[in-house]
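The values are calculated or read from the model by the stated rules, or taken from the named source; none is laboratory data. This is a predicted model, so every value here is computed, not measured. Every residue, glycine as well, gets a Cβ built from its backbone with ideal geometry; the counts of neighbours run over all protein chains shown. Only protein heavy atoms, including side chains, enter the accessible area calculation; ligands, DNA and RNA are left aside. Shrake-Rupley method; radii C 1.70, N 1.55, O 1.52, S 1.80 Å.
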Amino acid sequence: MATTGLPPADDADVARVTEALQMITPRWNVRILLALNQPPQRYTEIAIKLPYLQSGQLHPKIRSLCDAGLAERTEHSARHVTYGLTTRGRQLLPVLPVMAAWAEEHLEKPEQPLSAIEQVEDSLTLLTRRQAPAILWVLKSRQEASARALARIVIPDGYWTNIYPPLRQLMDDGLVATSGKGQPYRLSPAGDALGPVFGALSMWSAGRSLDHADRHPLWGRAKPSVLAAPRAWASHQSRLPVPSVPLAPAVQTQPARRPIWQSADLFSHATPNRPMPALPAGGVRR
(Lines give C-alpha, C1' and ligand atoms only; values in the text may rest on other atoms or scores of the structure.)
Protein backbone atom coordinates (compact mmCIF):
# COMPACT_ATOMS: atom_id res chain seq x y z
CA MET A 1 0.00 0.00 0.00
CA ALA A 2 1.43 3.36 -1.02
CA THR A 3 2.34 5.65 1.86
CA THR A 4 3.83 8.54 -0.15
CA GLY A 5 3.75 9.95 -3.65
CA LEU A 6 7.13 8.41 -4.45
CA PRO A 7 7.43 5.99 -7.38
CA PRO A 8 6.24 2.50 -6.33
CA ALA A 9 9.74 1.02 -6.00
CA ASP A 10 11.00 3.92 -3.89
CA ASP A 11 7.79 4.00 -1.86
CA ALA A 12 8.19 0.31 -0.98
CA ASP A 13 11.87 0.85 -0.16
CA VAL A 14 11.10 3.74 2.21
CA ALA A 15 8.34 1.73 3.86
CA ARG A 16 10.65 -1.25 4.46
CA VAL A 17 13.46 0.91 5.83
CA THR A 18 11.06 2.81 8.09
CA GLU A 19 9.70 -0.47 9.44
CA ALA A 20 13.22 -1.77 10.06
CA LEU A 21 14.11 1.39 12.00
CA GLN A 22 10.95 1.09 14.09
CA MET A 23 11.89 -2.47 15.05
CA ILE A 24 15.22 -1.56 16.58
CA THR A 25 14.76 2.01 17.80
CA PRO A 26 12.73 1.53 21.04
CA ARG A 27 14.95 2.22 24.03
CA TRP A 28 17.27 -0.64 25.02
CA ASN A 29 16.40 -2.76 21.96
CA VAL A 30 19.88 -2.46 20.46
CA ARG A 31 21.46 -3.48 23.77
CA ILE A 32 19.12 -6.43 24.10
CA LEU A 33 19.93 -7.58 20.56
CA LEU A 34 23.63 -7.46 21.38
CA ALA A 35 23.07 -9.35 24.63
CA LEU A 36 21.21 -12.03 22.65
CA ASN A 37 24.09 -12.40 20.21
CA GLN A 38 25.29 -15.53 21.98
CA PRO A 39 24.31 -19.21 21.96
CA PRO A 40 20.72 -19.56 23.27
CA GLN A 41 20.48 -18.33 26.87
CA ARG A 42 18.06 -18.55 29.73
CA TYR A 43 16.19 -15.41 30.70
CA THR A 44 18.24 -15.00 33.90
CA GLU A 45 21.49 -15.09 31.90
CA ILE A 46 20.26 -12.29 29.67
CA ALA A 47 19.01 -10.24 32.62
CA ILE A 48 22.47 -10.36 34.24
CA LYS A 49 23.92 -8.62 31.16
CA LEU A 50 21.31 -5.85 31.40
CA PRO A 51 21.25 -5.04 35.13
CA TYR A 52 19.70 -1.61 34.62
CA LEU A 53 16.50 -3.20 33.23
CA GLN A 54 13.93 -4.53 35.66
CA SER A 55 12.36 -7.90 34.90
CA GLY A 56 9.09 -6.17 34.13
CA GLN A 57 10.85 -4.09 31.48
CA LEU A 58 13.01 -6.76 29.90
CA HIS A 59 10.45 -9.48 29.29
CA PRO A 60 8.03 -7.45 27.09
CA LYS A 61 10.94 -6.10 25.08
CA ILE A 62 12.27 -9.59 24.36
CA ARG A 63 8.75 -10.65 23.45
CA SER A 64 8.43 -7.72 21.00
CA LEU A 65 11.73 -8.69 19.36
CA CYS A 66 10.41 -12.25 19.03
CA ASP A 67 7.21 -10.90 17.45
CA ALA A 68 9.35 -8.88 15.01
CA GLY A 69 11.23 -12.00 13.97
CA LEU A 70 14.58 -10.80 15.34
CA ALA A 71 14.68 -13.10 18.38
CA GLU A 72 13.22 -16.51 19.15
CA ARG A 73 12.00 -18.35 22.23
CA THR A 74 12.71 -22.07 22.47
CA GLU A 75 10.89 -24.16 25.06
CA HIS A 76 13.00 -27.23 25.85
CA SER A 77 10.78 -28.20 28.78
CA ALA A 78 8.41 -26.53 31.21
CA ARG A 79 11.38 -25.32 33.27
CA HIS A 80 13.91 -24.81 30.49
CA VAL A 81 13.31 -21.94 28.07
CA THR A 82 16.03 -20.16 26.11
CA TYR A 83 16.19 -17.05 23.95
CA GLY A 84 18.47 -16.18 21.06
CA LEU A 85 18.66 -14.26 17.82
CA THR A 86 17.04 -15.58 14.69
CA THR A 87 19.02 -15.68 11.46
CA ARG A 88 17.25 -12.44 10.55
CA GLY A 89 18.33 -10.85 13.80
CA ARG A 90 21.96 -11.88 13.32
CA GLN A 91 21.92 -10.48 9.78
CA LEU A 92 20.88 -7.11 11.18
CA LEU A 93 23.89 -6.74 13.48
CA PRO A 94 26.39 -5.66 10.76
CA VAL A 95 24.18 -2.62 10.08
CA LEU A 96 24.92 -1.25 13.56
CA PRO A 97 28.64 -0.47 13.03
CA VAL A 98 27.68 1.39 9.84
CA MET A 99 25.44 3.65 11.91
CA ALA A 100 28.09 4.11 14.58
CA ALA A 101 30.69 5.07 11.96
CA TRP A 102 28.34 7.65 10.44
CA ALA A 103 27.61 9.15 13.87
CA GLU A 104 31.30 9.22 14.80
CA GLU A 105 32.08 11.25 11.71
CA HIS A 106 29.05 13.50 11.34
CA LEU A 107 27.52 14.16 14.75
CA GLU A 108 28.96 16.77 17.06
CA LYS A 109 31.43 15.32 19.54
CA PRO A 110 30.36 15.53 23.18
CA GLU A 111 32.84 16.34 25.93
CA GLN A 112 32.88 12.70 27.03
CA PRO A 113 33.38 10.21 24.17
CA LEU A 114 30.37 8.02 23.52
CA SER A 115 30.53 4.27 23.13
CA ALA A 116 29.67 2.78 19.76
CA ILE A 117 26.35 1.55 21.08
CA GLU A 118 25.38 5.08 22.14
CA GLN A 119 26.35 6.35 18.69
CA VAL A 120 23.95 3.79 17.22
CA GLU A 121 21.14 4.83 19.56
CA ASP A 122 21.59 8.50 18.70
CA SER A 123 21.64 7.75 14.96
CA LEU A 124 18.40 5.82 15.29
CA THR A 125 16.79 8.70 17.13
CA LEU A 126 17.46 11.08 14.24
CA LEU A 127 16.41 8.65 11.52
CA THR A 128 13.06 7.84 13.11
CA ARG A 129 11.85 11.41 13.26
CA ARG A 130 8.39 11.77 11.72
CA GLN A 131 8.59 11.56 7.90
CA ALA A 132 12.40 11.66 8.06
CA PRO A 133 13.24 8.72 5.73
CA ALA A 134 10.76 9.89 3.07
CA ILE A 135 11.98 13.50 3.14
CA LEU A 136 15.61 12.42 2.95
CA TRP A 137 14.76 10.04 0.08
CA VAL A 138 13.10 12.81 -1.94
CA LEU A 139 15.92 15.28 -1.39
CA LYS A 140 18.51 12.67 -2.34
CA SER A 141 16.60 11.92 -5.53
CA ARG A 142 15.80 15.51 -6.54
CA GLN A 143 18.90 17.22 -5.12
CA GLU A 144 16.64 20.03 -3.88
CA ALA A 145 12.94 20.77 -3.53
CA SER A 146 10.59 23.41 -2.16
CA ALA A 147 8.47 22.71 0.90
CA ARG A 148 5.33 22.52 -1.23
CA ALA A 149 6.94 20.06 -3.67
CA LEU A 150 8.15 17.93 -0.77
CA ALA A 151 4.69 17.90 0.76
CA ARG A 152 3.08 16.75 -2.48
CA ILE A 153 5.34 13.69 -2.48
CA VAL A 154 5.81 12.92 1.21
CA ILE A 155 2.29 13.65 2.50
CA PRO A 156 0.12 13.62 -0.65
CA ASP A 157 -3.10 13.28 1.35
CA GLY A 158 -2.24 15.92 3.95
CA TYR A 159 -2.24 19.71 4.08
CA TRP A 160 1.04 20.88 2.57
CA THR A 161 2.12 23.12 5.47
CA ASN A 162 2.32 20.01 7.66
CA ILE A 163 5.70 19.37 6.06
CA TYR A 164 7.29 22.25 7.97
CA PRO A 165 7.58 20.68 11.45
CA PRO A 166 9.51 17.58 10.26
CA LEU A 167 11.59 19.76 7.94
CA ARG A 168 12.54 22.10 10.79
CA GLN A 169 13.44 19.11 12.95
CA LEU A 170 15.70 17.67 10.24
CA MET A 171 17.38 21.06 9.90
CA ASP A 172 17.91 21.22 13.67
CA ASP A 173 19.40 17.71 13.49
CA GLY A 174 21.81 18.86 10.79
CA LEU A 175 20.53 16.54 8.03
CA VAL A 176 18.75 19.11 5.85
CA ALA A 177 19.75 22.65 4.88
CA THR A 178 18.38 25.67 3.01
CA SER A 179 19.85 28.98 1.91
CA GLY A 180 17.05 30.97 3.48
CA LYS A 181 13.34 31.68 3.62
CA GLY A 182 11.60 30.72 0.41
CA GLN A 183 14.66 28.84 -0.86
CA PRO A 184 14.59 25.12 -1.71
CA TYR A 185 15.71 22.47 0.75
CA ARG A 186 18.59 20.07 0.18
CA LEU A 187 20.56 17.47 2.06
CA SER A 188 23.40 18.70 4.24
CA PRO A 189 26.77 16.90 3.95
CA ALA A 190 25.77 14.78 6.95
CA GLY A 191 22.44 13.90 5.35
CA ASP A 192 24.06 13.06 2.05
CA ALA A 193 26.57 10.84 3.85
CA LEU A 194 23.74 8.58 5.07
CA GLY A 195 24.16 6.51 1.91
CA PRO A 196 25.90 3.55 3.60
CA VAL A 197 23.33 3.54 6.42
CA PHE A 198 20.26 3.63 4.20
CA GLY A 199 21.85 1.29 1.69
CA ALA A 200 22.54 -1.30 4.39
CA LEU A 201 19.05 -0.93 5.92
CA SER A 202 17.47 -1.25 2.49
CA MET A 203 19.37 -4.43 1.66
CA TRP A 204 18.63 -5.99 5.04
CA SER A 205 14.93 -5.12 4.94
CA ALA A 206 14.67 -6.59 1.43
CA GLY A 207 16.38 -9.81 2.55
CA ARG A 208 19.47 -9.18 0.46
CA SER A 209 23.15 -9.30 1.35
CA LEU A 210 24.61 -6.16 2.88
CA ASP A 211 27.48 -6.56 0.43
CA HIS A 212 25.13 -4.99 -2.13
CA ALA A 213 24.53 -1.82 -0.09
CA ASP A 214 26.88 0.26 -2.22
CA ARG A 215 24.81 -0.71 -5.29
CA HIS A 216 21.60 0.83 -4.00
CA PRO A 217 20.00 2.65 -6.97
CA LEU A 218 19.75 5.92 -5.04
CA TRP A 219 22.00 5.88 -1.99
CA GLY A 220 24.69 3.61 -3.41
CA ARG A 221 26.01 6.19 -5.82
CA ALA A 222 26.82 8.76 -3.19
CA LYS A 223 30.22 10.37 -3.46
CA PRO A 224 32.20 10.98 -0.27
CA SER A 225 30.91 14.21 1.19
CA VAL A 226 32.93 16.99 2.76
CA LEU A 227 32.76 16.93 6.55
CA ALA A 228 30.25 19.41 7.87
CA ALA A 229 31.14 21.83 10.64
CA PRO A 230 30.00 20.51 14.04
CA ARG A 231 26.57 21.70 15.12
CA ALA A 232 24.14 21.05 17.93
CA TRP A 233 21.47 18.44 17.34
CA ALA A 234 18.46 17.23 19.28
CA SER A 235 18.68 13.79 20.83
CA HIS A 236 16.32 11.59 22.82
CA GLN A 237 15.54 11.97 26.49
CA SER A 238 18.47 12.25 28.84
CA ARG A 239 19.93 8.86 29.58
CA LEU A 240 19.80 7.48 33.11
CA PRO A 241 23.18 7.18 34.86
CA VAL A 242 23.21 3.40 34.52
CA PRO A 243 25.83 1.00 33.23
CA SER A 244 25.83 0.18 29.53
CA VAL A 245 25.94 -3.31 28.06
CA PRO A 246 29.47 -4.61 28.70
CA LEU A 247 31.49 -3.78 25.63
CA ALA A 248 35.17 -3.73 24.88
CA PRO A 249 36.76 -0.34 25.71
CA ALA A 250 36.95 2.24 22.99
CA VAL A 251 40.23 2.00 21.12
CA GLN A 252 42.02 5.16 20.05
CA THR A 253 43.15 5.03 16.44
CA GLN A 254 45.24 7.16 14.14
CA PRO A 255 45.01 9.20 12.03
CA ALA A 256 42.34 11.63 13.19
CA ARG A 257 38.76 11.34 11.91
CA ARG A 258 38.80 7.55 12.20
CA PRO A 259 36.35 6.04 14.71
CA ILE A 260 37.70 5.61 18.22
CA TRP A 261 36.30 2.05 18.31
CA GLN A 262 36.95 -1.10 16.41
CA SER A 263 34.11 -2.94 14.66
CA ALA A 264 34.40 -5.92 16.99
CA ASP A 265 33.98 -3.70 20.06
CA LEU A 266 30.28 -3.21 19.34
CA PHE A 267 29.55 -6.89 19.86
CA SER A 268 31.97 -7.76 22.65
CA HIS A 269 30.72 -8.43 26.17
CA ALA A 270 34.10 -9.18 27.70
CA THR A 271 34.59 -6.10 29.87
CA PRO A 272 32.88 -5.15 33.16
CA ASN A 273 29.97 -2.72 33.26
CA ARG A 274 30.86 0.93 33.32
CA PRO A 275 28.61 3.99 33.85
CA MET A 276 26.79 5.24 30.82
CA PRO A 277 27.31 9.03 30.42
CA ALA A 278 24.13 11.05 30.67
CA LEU A 279 23.26 13.84 28.24
CA PRO A 280 22.57 17.24 29.77
CA ALA A 281 19.01 18.32 30.47
CA GLY A 282 17.07 18.42 27.23
CA GLY A 283 19.25 15.77 25.65
CA VAL A 284 21.25 18.15 23.45
CA ARG A 285 24.94 17.74 22.81
CA ARG A 286 26.93 20.88 23.27
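Numbers below:
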quantity: Eligible aspartates and glutamates near K109 by straight Cα distance, threshold 13 Å, same-chain separation 8 or greater; calculated: E118, D122
quantity: Heavy-atom SASA rank of D157, D214, D13, D192 (probe 1.4 Å, accessible area, largest first); calculated: D157, D214, D192, D13
quantity: Efficiency of FRET between Y52 and H80 - r from beta-carbon atoms, R0 25 angstrom, step 0.05; calculated: 0.40
quantity: Computed accessible area, T161, all protein chains, 1.4 angstrom probe, square angstrom; calculated: 50
quantity: Loop trypsin sites (Lys or Arg not before Pro), region 72-164, which have at most 14 other Cβ atoms in a 10 Å radius of their Cβ (DSSP); calculated: R79, R130
quantity: Whole-percent carbon and sulfur share, accessible surface of region 1-117, 1.4 Å; calculated: 53
quantity: Whole-number accessible area per residue in Å² for region 122-195, which is evaluated in the context of all protein chains at 1.4 Å; calculated: 43
quantity: Solvent exposure, largest accessible area first (probe 1.4 Å, DNA, RNA and ligands not counted), of T87, T128, T4; calculated: T87, T128, T4
quantity: Loop-located chymotrypsin sites (Phe, Trp or Tyr not before Pro) in region 157-226, at most 12 other Cβ atoms within 10 Å (DSSP); calculated: Y159
quantity: Accessible surface of E75 - all protein chains present, 1.4 Å probe, nearest 10 Å²; calculated: 120
